[in-house]
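Novice: Next up is a structure, given as C-alpha cells.
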Amino acid sequence: MQHQAEISSDGKKPKSQTQRAATELRRMIVSGELPAGSSYLETELAEMLHMSRTPVREATLMLEAQGLLEVRPRRGVKILSISPEDMEEIYQILTELESLAAERVAERCTSPEMLEPLREATLRMEKALKEDDREAWAAADEDFHMLLVDLSGSERLKSVIANFNDQVRRARALTLYIRPAPTQSNADHRALIAALEKGDAALARKIHRDHRIAAKSLMISLLGKHGFHQI
C-alpha cells in the first residue's frame, strides 16, 4: 500500500498512514487486543492493519516513545506491561498536571459559554450512569478530562498528559466493571465546573486534585484486590 495521507471528507487535516497505524495500534494495546507481554513481528502487525511495513515500523517507534511497547531490532515488538506501582506514579503525575490545567481554566474563563463542552460531557456521564452503561460513562469521562486540558490553552500540558493517558486507559479497561458506580466522580465534575464559573483558581485546583487522588486510590486498590500485578 502507498504510504500517503487519506483524503479527509470533514475538512480536517488528513491522517498519514503512520498516524493511522499508531492510532489503531494504540487502540489495540489499550483494549487488550494486543495483551501486555505479547510479541509480534513487524509483518504480523502490518497484516493485522492491512498496511505496508513502513508506516507500521514508524508507528511502533512513536508508541515506544510513549512507553506502550518495545521495539526489538530483527525481533519485532513487545507490548510492555504496567505494574500497579507504575500506575500509582503515573496518576501522581497526572494529578498535578491536570490540577494545574483546572487552575489555568479558572483563570482564563471569561464566560459561562466557554465551559459548555464540560457541562455537555457531564450530562452524558450522568445519562450513562442512569442507564448503567459503563462504556458510555467512561467515554464521556475521558472527554471531560481531555476538554479540561484543551481549555487550559497549554499545548505542552496537552502533549505530556496525552502520553500518560494511553497507559491509564489500559488500567481503566480492566477495572471499569468491577468498580463501584461512579456517582462521586460525576459530583466532582459538577463541583469543578461551579468553581471554574466563579473563576476560583485555587478551589478548582483543589477540587480536581482531590478528585484525581481519589481515582488513583480506587484504581490501585482494585488492581491489588483482583490480582492484576501486571497490566
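Novice: Picking from LEU63, LEU97, which residue would you name as being open to solvent by 30 Å² or more (accessible area, probe 1.4 Å), within 27 Å of LYS15 (Cβ to Cβ) and out of contact with any Phe, Trp or Tyr (no Cβ under 6 Å at 6 or more places or on another chain)? So that I can check it myself, show each step before the final result.
Specialist: On the way: LEU63 fails: open to solvent by 30 Å² or more (accessible area, probe 1.4 Å).
Unique residue meeting the criteria: LEU97.
Novice: Test ASP188 against the criterion of being under 14 Å from PHE144 (Cβ atoms), surrounded by 15 or more Cβ atoms within 10 Å (Cβ to Cβ) and in contact with a helix residue (DSSP H, G or I) (Cβ under 8 Å, 6 or more places away or on another chain), and give yes or no. Break it down stepwise before answering.
Specialist: Working: under 14 Å from PHE144 (Cβ atoms): yes; surrounded by 15 or more Cβ atoms within 10 Å (Cβ to Cβ): yes; in contact with a helix residue (DSSP H, G or I) (Cβ under 8 Å, 6 or more places away or on another chain): yes.
Yes; evaluated as a whole, the condition is true for this residue.
Novice: Within the stretch 108-119, take every residue that is open to solvent by 80 Å² or more (accessible area, probe 1.4 Å) and in a helix (DSSP H, G or I) and give me the one that is farthest from LEU176 (Cα to Cα).
Specialist: Within the stretch 108-119, the first condition is being open to solvent by 80 Å² or more (accessible area, probe 1.4 Å), and the residues that meet it are 108, 110, 113, 116.
Now drop any that are not in a helix (DSSP H, G or I), which leaves 108, 113, 116.
Working: ARG108: 33, GLU113: 31, GLU116: 26 Å.
By that ranking, first place goes to ARG108.
Novice: I've got another one for you. Only residues in the stretch 168-189 that are in contact (Cβ under 8 Å) with a residue 40 or more places away in the chain count as the first member; pair them with residues that are open to solvent by 30 Å² or more (accessible area, probe 1.4 Å) and not in a helix (DSSP H, G or I), Cβ under 7 angstrom, at least 6 apart or cross-chain, and list the lot.
Specialist: ALA173/GLY32; LEU174/PHE228; ILE178/HIS226
Novice: Which of (1) open to solvent by less than 70 Å² (accessible area, probe 1.4 Å); (2) outside any helix (DSSP H, G or I) does LEU174 not meet, given it meets every other one?
Specialist: Going through (1) open to solvent by less than 70 Å² (accessible area, probe 1.4 Å); (2) outside any helix (DSSP H, G or I) one by one, LEU174 breaks only (2).
Novice: Something else: Scan (1) under 22 Å from ALA171 (Cβ atoms); (2) in a helix (DSSP H, G or I); (3) without any contact (Cβ under 8 Å) to a residue 60 or more places away in the chain for the single condition ASP132 breaks and write down its number.
Specialist: (2)
Novice: Given (1) in contact (Cβ under 8 Å) with a residue 60 or more places away in the chain; (2) open to solvent by 20 Å² or more (accessible area, probe 1.4 Å); (3) among the aliphatic types (A, V, I, L, M); (4) within 28 Å of ILE79 (Cβ to Cβ), identify the lone condition not met by ILE213.
Specialist: (4) is the only condition that ILE213 fails.
The values are calculated or read from the model by the stated rules, or taken from the named source; none is laboratory data. Since we're looking at a predicted model, the values are computed, not measured. Heads up, the Cβs are rebuilt from the backbone with ideal geometry, glycines too, and the neighbour counts pull from every protein chain shown. Just so you know, the surface numbers come from the protein's heavy atoms only, side chains and all, with ligands and any DNA or RNA stripped out. Shrake-Rupley method; radii C 1.70, N 1.55, O 1.52, S 1.80 Å.
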